[in-house]
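Step one of this worksheet: look at the structure below.
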There are 2 protein chains.
Amino acid sequence: MAKRRPVANLLALAVLTVVVQRPMHPYEMASVLRARGKDQDMPIKWGSLYTVVRNLEKHGLLEAVESTRQGARPERTVYRVTDAGRVEAEDWTRELLSTPRPEPSAFEAGLSVMAGLGPDEVAPLLRQRLELLERRIEAGREDLARERQEMPRLFLVESEYALAMREAEATWVRSLLAELDGGTFPGQDAWRAYRETGRLPADVADLAERGSTSE
Amino acid sequence: MAKRRPVANLLALAVLTVVVQRPMHPYEMASVLRARGKDQDMPIKWGSLYTVVRNLEKHGLLEAVESTRQGARPERTVYRVTDAGRVEAEDWTRELLSTPRPEPSAFEAGLSVMAGLGPDEVAPLLRQRLELLERRIEAGREDLARERQEMPRLFLVESEYALAMREAEATWVRSLLAELDGGTFPGQDAWRAYRETGRLPADVADLAERGSTSE
DNA sequence: TCGCTTATATTTGTCTGCGAGTATACGTCG
DNA sequence: CGACGTATACTCGCAGACAAATATAAGCGA
C-alpha cells in the first residue's frame with residue numbers, strides 16, 4: 001500500500017483545505033479554522049501548527065509566497081498550496097472517507113480494565129458517564145439546530161455524525177447499566193467476590209496466566 | 001481538576017493492570033497483553049513499552065525487584081507495582097469509565113473536509129467504507145461468539161462496545177448514503193455545481209470568508 | 001494618555017512515541 | 001548437524017507534538 005502520509009497530523013489536512021481557498025499565513029489559517037468551529041473537535045495546538053506548516057513546506061505541499069513585515073511586528077510568512085498539496089488533500093480525504101480504521105478509544109481501554117474495580121463501583125461510574133453524555137448530547141442538538149439556520153447541511157455532517165455516535169454510546173451504556181443494576185450481568189457475583197476476597201474462580205485464574213513465560 | 005496523569009500513554013494503564021497480578025519483566029508484560037488479545041485494539045509498540053515502564057518507575061508507580069541474567073542473554077529487569085501504582089491504576093480506570101471526553105476521529109475529519117470532493121465522488125467512497133465496515137462487523141461478531149465460549153463476559157465488554165459502535169457507524173453511513181443516492185441531500189446540486197465550476201453560491205462564499213484577518 | 005487586557009504572530013525547548021536495529025537462544029527440517 | 005527461521009529481550013536515536021515563552025499592536029476605560 002502507499003507509503004504513510006508525508007505529514008501525518010490531521011491538523012495538516014485542515015491546514016491544506018483552508019489554504020486551498022486562498023494563500024494565508026499560519027496564524028490566519030488558525031483563525032479561519034476557529035471561525036468555522038473546527039476547533040470544537042480539534043482544539044488548535046499552536047506548537048503543532050507551525051511544525052506542521054513547516055513540514056508541509058518541506059514536503060512540497062505548501063510553498064512560501066512572501067514574507068511581509070508590518071512595522072516592528074514579527075515577520076509573517078504567507079503560504080500557498082502547491083499542486084501536490086491539492087492532490088494530497090483530496091487523496092487523503094478519499095482515504096479517510098473510504099477506509100475505516102480501528103481507533104482505540106479511551107473508554108474502551110477503561111472497559112478493558114474495568115474488572116479491577118468491583119461491579120458495585122462500576123455502576124455509579126457508568127451512571128455518571130451517562131449523565132454527562134446526555135448533557136452533551138442535548139447541547140450538541142441545540143448547537144446543531146442553531147447552526148442549521150445559517151450554515152448549509154454540507155458543513156454540518158461531521159457534527160451530525162459526532163452526535164449520532166454519542167447517542168449510540170449512551171444507548172450502549174444504558175443497556176450495560178441495566179444489566180448491572182438488575183443483577184443480570186453473567187458472573188456478577190464471582191466478580192464481586194473477586195473484588196472482595198481477591199480470589200478468582202479456578203477457570204478464570206487459568207486464563208489470567210495465559211501468555212506468561214514458562215520458567 | 002486533578003493534574004495530568006504522570007504517564008499519559010494508555011499503554012501504561014495496561015502495563016499497570018497486568019503487573020498488579022504478579023511482578024514481571026517488560027517483555028513478559030507485552031506477552032501477557034498479547035495473549036489476552038489486548039493488542040487487537042492497541043498494537044504493542046516496543047519502543048513505547050520500555051519508555052513507559054521507565055517512566056512508571058521514575059514516578060514511583062513501579063519498582064525494580066531484581067535483575068536476573070540467564071546465560072549471555074540481555075539482562076532482564078523484573079518490576080513490581082507499588083501502592084501508588086495500584087492507586088493510580090484504579091483512579092485512572094475510574095476516570096476513563098466516568099468521564100466522556102471528545103475524541104476526534106479520523107472519519108469525522110474526513111467528513112469535515114468532504115465538501116472538497118463532489119457528491120458523486122463521495123457516495124462511492126462511503127459505499128466502500130460501508131462494505132468494509134460490514135465485513136468487520138461480521139468478523140467481530142464471530143470472534144465474540146468464539147470467545148464467549150472460553151472467556152467470561154466480564155472480559156469481553158470492551159469488544160462488545162467496539163462492535164456496537166461500529167454498527168452505529170454503519171447505520172449512520174447507510175442513512176447518509178441513502179440521502180445522497182436519492183438526491184434528497186439538501187444543497188446537493190449547489191455542491192455538485194461548486195465542484196464542477198469552482199464557484200460557490202454567494203451566501204456560502206461569505207461564510208467561507210469568516211475569520212479572515214481584515215487587511 | 002496611562003495602564004490594562006485582548007488579539008496578533010511566532011519561536012523555543014522539552015518530552016515522548018515509536019520505528020528500526022541488535023543480539024542471543026531455540027526449534028526444526030531436510 | 002548445519003542452516004534458517006522465529007521467539008526472546010532490549011537499546012538507540014530522531015522526528016514530531018505541544019506547552020509555554022516571547023514580543024508587539026490595538027482597543028478601551030478612567
Result of the Cβ filter at 6 Å on the stretch A:95-107, keeping first residues that are surrounded by fewer than 21 Cβ atoms within 10 Å (Cβ to Cβ) and partners that are in a helix (DSSP H, G or I), at least 6 apart or interchain, is A:Ser98/B:Leu125; A:Ser98/B:Gln128; A:Ser98/B:Arg129; A:Ala106/B:Leu96
With the structure loaded, tell me whether A:Ala139 is under 27 Å from B:Pro43 (Cβ atoms) and within 12 Å of chain B (Cβ to nearest Cβ) or whether it fails that test. no
For the structure I just gave you, tell me whether A:Trp92 is more than 9 Å from every other protein chain (Cβ to nearest Cβ) and either modelled with pLDDT of 95 or more or within 10 Å of DNA strand D (Cβ to nearest atom) (or both). no
Which of the residues spanning the stretch B:31-60 are among the polar types (S, T, N, Q), within 13 Å of chain A (Cβ to nearest Cβ) and within 17 Å of the chain's Cα centre (by Cα)? B:Gln40
Within the stretch A:17-30, the count of residues that are within 14 Å of DNA strand D (Cβ to nearest atom) and either over 19 Å from the mean Cα position of the chain (by Cα) or basic (Lys, Arg) (or both) comes to 3
Go over the candidates B:Gly211, B:Gly183, B:Gly187 one by one and state the one that is modelled with pLDDT of 95 or more, on the phi > 0 side of the Ramachandran plot and of a type in the set (Gly, Ala, Ser). B:Gly183
Residues of the stretch B:31-58 being touching a Gly at 6+ places or on another chain (Cβ under 9 Å) and either hydrophobic (A, V, I, L, M, F, W, C) or within 11 Å of DNA strand C (Cβ to nearest atom) (or both), which ones? B:Val32, B:Leu33, B:Ala35, B:Leu56
Restricting to the stretch B:163-201, count the residues that are outside any helix (DSSP H, G or I), more than 9 Å from chain A (Cβ to nearest Cβ) and either aromatic (Phe, Trp, Tyr) or surrounded by fewer than 13 Cβ atoms within 10 Å (Cβ to Cβ) (or both). 4
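The values are calculated or read from the model by the stated rules, or taken from the named source; none is laboratory data. Keep in mind that what you see is a predicted model, and the values were worked out from it rather than measured. Cβ sites come from the backbone with ideal geometry, for glycine too, and all protein chains shown count toward neighbours.
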